[in-house]
Protein chains: 2
Amino acid sequence: MRIGELADRCGVTTKTIRFYESIDLLSEPNRTASGYRDYDDGAVQRLQFIRDAQSSGLTLAEIASVLELKSAGQRTCSHTAQLVSQHIAAIDQQITQLIAARDELSELAQRAESLDPSSCTDPNRCQVIEAGRSHT
Amino acid sequence: MRIGELADRCGVTTKTIRFYESIDLLSEPNRTASGYRDYDDGAVQRLQFIRDAQSSGLTLAEIASVLELKSAGQRTCSHTAQLVSQHIAAIDQQITQLIAARDELSELAQRAESLDPSSCTDPNRCQVIEAGRSHT
DNA sequence: CCAAACGTTCCCCTACGCTGGAAGAACGCT
DNA sequence: AGCGTTCTTCCAGCGTAGGGGAACGTTTGG
């Protein structure tokens, strides 16, 4: 099948498919005599797998590393498991950071309510934010 | 003072200062006869304010919007408060998304432990991920 | 037989917050 | 006078996941 059909079947754009090919996430397909990309059903499977993995929160780089090992004939369950747990750890760290930022902002919000706007005249600063500096 | 001293005093690089100027976060300073940027103490205050606000989790665009209104002579407490609460909402959304991704990955991790790697032979897929497709 | 719809490659653009380097001018100290 | 450091501008890129559009070739239906 040609690129448009593959795209429709998998719910992506042709741009995305060419992009995946450019980063070696999809292998280069055969070409027709006139140079059109010519895909088989395996490409549908692989592309759907990529979208599934992506919707699970894996990055394209992580998906690529799974597929690379797969195509080298390895049993990748343990590799996948390791990769997934690494990714979970990274997400936990992001969540921690976001919660810290959230806490910081909540304090600012409270302070903003309690301060008198008319005492706020310095053009370079803002007392809402400034007041929180010492304890940060 | 020249750009290097300002940078040292505020703990940033000269690159960062020029970058802030290029996005209008810092206003263009006076120049010496030979074309060097020449800053006063107000620049130190403003730059430190920017770093404080940034460490509170605000983006440079948000900081710019506070500073813009300030320099227009407005009392910005209410604006700052609104901006902060918007940012908190955005962070909450990010956290929600990350937790969803985390849950998804936890399921994958559990599945990876329970599956038999030797049954995993398709070069285009990975049963750990594939098995979760239906309920996603 | 021709126009529409599809395909190709190519390069630039997005947002974010910078960092690095090159080429040249100016400053500071000996 | 000369050497090293600091300054100037501009250009380029990182990483993520593609999107937009130009300029051109191919396929397909009426």
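For region A:25-60, chymotrypsin sites (Phe, Trp or Tyr not before Pro) are listed when DSSP marks them as loop and at most 15 other Cβ atoms sit within 10 Å of their Cβ; the list is A:Tyr36. Note on region A:1-97: Kirkwood hydrodynamic radius from all Cα pairs is 14.7 Å, rounded to one decimal. A point 7 Å from Cα along Cα→Cβ stands in for A:Ala33, and the other copies hold the same point at 7.9 nm, listed in rising order. Sorted from nearest, the other copies put their A:Asp8 label points 6.8 nm away, the label point being 7 Å from Cα in the direction of Cβ.
Throughout, read-outs are computed from the coordinates displayed, never taken from laboratory work. Predicted, not measured: the structure shown is a model, and the values here were computed from it. Note that each Cβ is placed from the backbone with ideal geometry, even for glycine, and that neighbours are counted across all protein chains shown.
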